[in-house]
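What follows draws every value from the coordinates through simple rules; no lab data is involved. What you are looking at is a predicted structure, and each value in this text was computed from that prediction instead of being measured. So basically every Cβ, Gly included, is an ideal-geometry build from the backbone, and we count neighbours across all protein chains shown.
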Amino acid sequence: MQFLTQAWILGSALLVAAGWLLSACRQLNPVGYAVFLLLAALSVWPWGRHAWPNAVARQRADGTLRRRFKRTAPKLFLVLAALSLLSGSLYPALNWDTNAYRLPRVLHWLGLGQWHWIHTADARMNIAGCNFEWLASPLILFNHTDRLLFLINWIPYLLLPGLIFSVFTRCGIRPRVAWWWMWLLSAGWCFAFQASSVANDSLGTAYALAAVDFALRARTARDGAPLRWSLLAIALATGVKQTNLPLVLPWLVAVWPCWRLAVRDKFPLLATAGAAALVSVVPISLLNWWHAGTWLPVETPGVASLGRFHLDPFWGVLGNIFCLPVQNLVPPLYHWFPPYYGTLVLEWNDLMARFVQTPFGSHFASFESFGGLSAVHEHGVSEANAGVGLAVCLLLALSLAGAWWLRGREPKPKSDRFLRAVRAAPWAALICFMAKVGSYENARQLAPYYPLLFLALLAGAGQSALVRRHWWQSCGLATMWLTSFLVITLPLRPLFPASALFTFLHHQFPANEVIMLEGVEYAAGVRWDIETRRACLRQAVPADAPVVGYFPKLNNSDEPGLWLPCGGRRVELALPGDPPARLQALGARYLVAHSAALHAAGESVDQWLQAYHATLISQFTVHGDFLSSDVPPDFQGYYVARVN
């Protein structure tokens, strides 16, 4: 397990470093990656040869795995891993944020062979952490598709149970308790759903756990090598998302007793620190400062919602004390609660909007959507809105109550001030997170925090006695079964013949409202508009167009359709007020504009065509239905033009 974790950390660090270094050399291309990876393989080979377990260790590990996976909980985790692999393999990248800015920014960098500040109204394409994107770059570059990007989440998902067990036991949690919760936490909805997706919220979880784990290993073994792995892991966690920065606090607490090791092995540690800085949040922070004057320019024009990071700390904490439990306690299926639960969500969101208008509620107006829940494109929890989940939260509440009842059945854990500090530090990090992050559905952004937050909750007396109870084990297995069911029934990636089943059920029970609503939801999910729009954009622009000028509406997920398959063309973005000469100088012979972008610029279609000396060649709706020349005035879709 330790070797696999080290291999993932090292591989991640090499790919992230490759992205930055090749960008500095303007060689972000197949040849650059091939040379870098060859040199890296030659450098890493001596370590891999000595670190690879010998035959005796492999045989012992194989026997341990066979014994471990004879029990039900590990088997259910294997089921979740297999379902996630199948889901990610069958369906394309459907995450909205990834299609809106993560994937486009990678394609822009690859298009010019280097990282660069992109000419765009969406600040996230420039200011957000880059580690997910640097892991994705070689997959897109060599495969010319985004279909394999889910592996970036799926591989570290396999490491979660072992990392959770190791951290829990090293922090004073009884092994029997840690064994159960390493499977139950891995079945948390944010982890299980994102294992097959291209979201990046849960990616930092394995890095954060590994950072604490290796720090505790270094303290016990008095060895500098785990300390260096710990430093590299926490650096990778911060480079994924800026919201992971507070996780440095529990890492600092865990690593503090190792300061003598740091002094003793200062030269290897300094070399590792240089590499860690390169793969951390440092490069993007410096670039943000260079281009925008601050390390996180959340007030970039055009994306007012990024003000969600400008909270008053007191009201931010108070507001998140309400928002985070609400998001984690949402029932898994909205539409299965009569009356139609989607209507209740709309009513709830309306109530929250009215609350923010009150004198007291105005303190929470800086939240992106205070207390809001998903009501569009969601029939319940999904990768885009799920925290650790209702089932795990209820089981935790049951465990805390049961452990308190059974606290006299086992001796109290030994008091250790250092371990108490390690267990308390994640809660201090949580307060920092709540004080600064007021984004919409930030329970999913909290994914790397959840396992560390459970440390303080599961260390008390009575937990070991509780997990021996048959009824508690049945409840734990039920949470894993529920997660497996939800993974199978996700509307965006159903693993059953949803259309055929609901068509049949609708014919059998035409008056059943639940069946009708679920059938509509699954029909929309299977052919979600992201893929439809991609296909339309590919068909609308001639394949031989080397450069395409693109006028997108804000927070649009369609741009990858113009880029993919990667290497076919380059896309140049246009903003309201840009002079036509800019796109002409870049060689754009075809133009694609969304009607909303033209409206935002205050231009009619005729004015736009005249300014660029272009001829309209096609137009289509956002649903992909090509239209005739008779287009209604409120047309919401794309115009495609050729420059004369």
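For this structure, a couple of remarks:
- Shown here: the stretch 530-643, whose C-alpha atoms stretch 36, 32, 25 Å along the first, second and third principal axes, sorted largest to smallest.
- For the peptides 508-514, 145-151, 273-279, the ranking by mean Cβ contacts within 10 Å, running from highest to lowest, is 145-151, 273-279, 508-514.
- Put simply, when 558-570, 179-191, 399-411, 471-483 are sorted by average Cβ atoms within 10 angstrom per residue, most first, you get 179-191, 558-570, 471-483, 399-411.
- By the rule of a C-alpha distance below 22 Å, with chain neighbours fewer than 8 residues away ignored, the lysines paired with residue 241 are 436.
- Axis angle, to the nearest 10 degrees, between helix 313-328 and the longest C-alpha principal axis of the chain: 90 degrees.
- Antiparallel DSSP beta bridges within the chain, as percent of all bridges there, nearest 5: 65 percent
- Under 14 Å, Cβ to Cβ, from residue 353 - net charge with Lys/Arg +1 and Asp/Glu -1: -2
- To the nearest ten degrees, helix 72-90 and the longest principal axis of the Cα atoms of the chain are 20 degrees apart.
- Proximal lysines relative to residue 412, as straight alpha-carbon distance under 28 Å, when same-chain residues fewer than 8 apart are discounted: none
- The packing ranking of peptides 26-39, 251-264, highest mean first, is 251-264, 26-39, where packing means the average number of other beta carbon atoms within 10 angstrom of each residue.
- Rounded to 10°, Cα long-axis angle of helix 470-489 versus longest principal axis of the chain: 20 degrees
- A Cα-only calculation for the stretch 340-472 places Rg and Dmax at 18.8, 52 Å.
- A simple rule links phi to the HN-Hα coupling: the Karplus curve 6.51 cos²θ - 1.76 cosθ + 1.60 with θ = phi - 60°, which for the stretch 19-31 gives x, 5, 5, 5, 5, 4, 8, 6, 10, 7, 8, x, 5 Hz, with x for Gly and Pro.
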